[in-house]
Amino acid sequence: MNEMIYLGIIFLSSLIVALLQLPLGTLLLLYHASLGKKIPKKTRTLISSFISGSTLMFFLLLSASCFLIFALTVSGTFTNVSLVVLTSYLVVLGIFSWFFYYKRKNSTELWLPRKITKFINQRAKETHDNSESFSLGVLTVLSEIVFTAPLFLLSGNSILILEPGYQVIALVGFVLVSVLPLIILRIAIRTGKNLADIQRWRLKNKSFFRVITGLSYLILATFILTFLLMGDKI
């Protein structure tokens, strides 16, 4: 039963990471800029590099979380006090997601400061080789660390508590779920979907994503409060 609780925390955390829109929006920008140059083969390699950079960053952040928790805590896992702090952070992020994650009503522009948004947009337009595309994938994941830090920390803590046989599966599963929207977008483009239609779909469903993201943060906070903080075992 306890393992199911920790696997649930890992799954919910990875689902929230997947719902965040910066990597997906940046990949759309990269697609738009690259396809405008009408070099399909080059586009494929740039997209592959972007997804690889994002995937590696997800993996490194989760691995680093596991290492830091194990190295810096007395018991090798979080205490109740640490869990309370992270749970409170989740509640704040859930409320912030509802009201401030998107800047404008009729746009998918996100909460990021204007200078960072401008820099990411410019880099997406000027990316010409695989190393730049890879770095852009890394950058977009790091840029949302304010929203993802507690998710990586809670997942890392849960992974450390799992039996060794489940740890690698949980880590790989987290990364795969996190990067799944990027893979789905690539498949959609490869099967003939139009970039403009995809962007219109994102705009049309923006309210849904805002609500479900905020709600997911609160569900995860409630899950931790119920099964870990108020339960008999940590």
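The values are calculated or read from the model by the stated rules, or taken from the named source; none is laboratory data. Nothing here was measured: the structure is a model prediction, and the numbers come from that model. Positions of Cβ are generated from backbone atoms using ideal geometry, with glycine treated the same way; all protein chains shown enter the neighbour counts. Just the protein is used for accessible areas: all its heavy atoms, side chains included, with ligands, DNA and RNA removed. Shrake-Rupley method; radii C 1.70, N 1.55, O 1.52, S 1.80 Å.
Numerical summary
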item	result
Residues being within 28 Å of Leu30 (Cα to Cα) and without any contact (Cβ under 8 Å) to a residue 24 or more places away in the chain - total across region 180-227	16
Filter result (touching a helix residue (DSSP H, G or I) at 6+ places or on another chain (Cβ under 7 Å), in a helix (DSSP H, G or I) and aliphatic (A, V, I, L, M)) within region 140-174	Val141, Leu142, Leu151, Leu153, Leu154, Ile159, Leu160, Ile161, Ala170, Leu171
Region 118-129 - residue that is in contact (Cβ under 8 Å) with a residue 60 or more places away in the chain and surrounded by 18 or more Cβ atoms within 10 Å (Cβ to Cβ) and, of those, farthest from Ala18 (Cα to Cα)	Thr127
Residue in region 22-35 that is buried (at least 16 other Cβ atoms within 10 Å of the Cβ), under 25 Å from Arg186 (Cα atoms) and of a type in the set (Val, Ile, Thr) present	yes
Sole exception among (1) more than 17 Å from Ser13 (Cβ to Cβ); (2) part of a helix (DSSP H, G or I); (3) in contact with a Gly (Cβ under 7 Å, 6 or more places away or on another chain); (4) at pLDDT below 95 for Ile51, by number	(4)
Test: Leu62 is buried (at least 16 other Cβ atoms within 10 Å of the Cβ), within 16 Å of the chain's Cα centre (by Cα) and more than 30 Å from Arg123 (Cβ to Cβ)	no
Every residue from region 111-139 that is among the acidic types (Asp, Glu) and part of a helix (DSSP H, G or I)	Glu126, Glu132
Matching residues, region 181-206, being out of contact with any strand residue (DSSP E or B) (no Cβ under 9 Å at 6 or more places or on another chain) and within 22 Å of Arg104 (Cα to Cα)	Leu195, Ala196, Asp197, Ile198, Gln199, Arg200, Trp201, Arg202, Leu203, Lys204, Asn205
In region 185-207, the residues that are among the hydrophobic types (A, V, I, L, M, F, W, C) and either closer than 30 Å to Asn157 by Cβ or open to solvent by less than 70 Å² (accessible area, probe 1.4 Å) (or both)	Leu185, Ala188, Ile189, Leu195, Ala196, Ile198
Search result, residues across region 212-223 that are of a type in the set (Val, Ile, Thr) and over 14 Å from Leu20 (Cβ atoms)	Ile219, Thr222
Subset tally (residues that are open to solvent by less than 20 Å² (accessible area, probe 1.4 Å) and not hydroxyl-bearing (Ser, Thr, Tyr)) for region 130-154	9
Of residues in region 208-234 being among the hydroxyl-bearing types (Ser, Thr, Tyr) and surrounded by 15 or more Cβ atoms within 10 Å (Cβ to Cβ), the one nearest to Thr108 (Cα to Cα)	Thr213
Residue satisfying condition, being of a type outside the set (A, V, I, L, M), in contact with a Cys (Cβ under 8 Å, 6 or more places away or on another chain) and under 27 Å from Phe96 (Cα atoms), within set Gly156, Gly214	Gly156
Residue check, Ser97 polar (S, T, N, Q), surrounded by fewer than 16 Cβ atoms within 10 Å (Cβ to Cβ), closer than 30 Å to Phe11 by Cβ and at pLDDT 90 or above	no
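Per-residue answers, yes or no, for (1) modelled with pLDDT of 95 or more; (2) of a type in the set (Ser, Thr, Tyr):
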{"residue": "Ser65", "(1), (2)": "yes, yes"}
{"residue": "Ser75", "(1), (2)": "no, yes"}
{"residue": "Val81", "(1), (2)": "no, no"}
{"residue": "Lys115", "(1), (2)": "no, no"}
{"residue": "His128", "(1), (2)": "no, no"}
{"residue": "Phe134", "(1), (2)": "yes, no"}
{"residue": "Val138", "(1), (2)": "yes, no"}
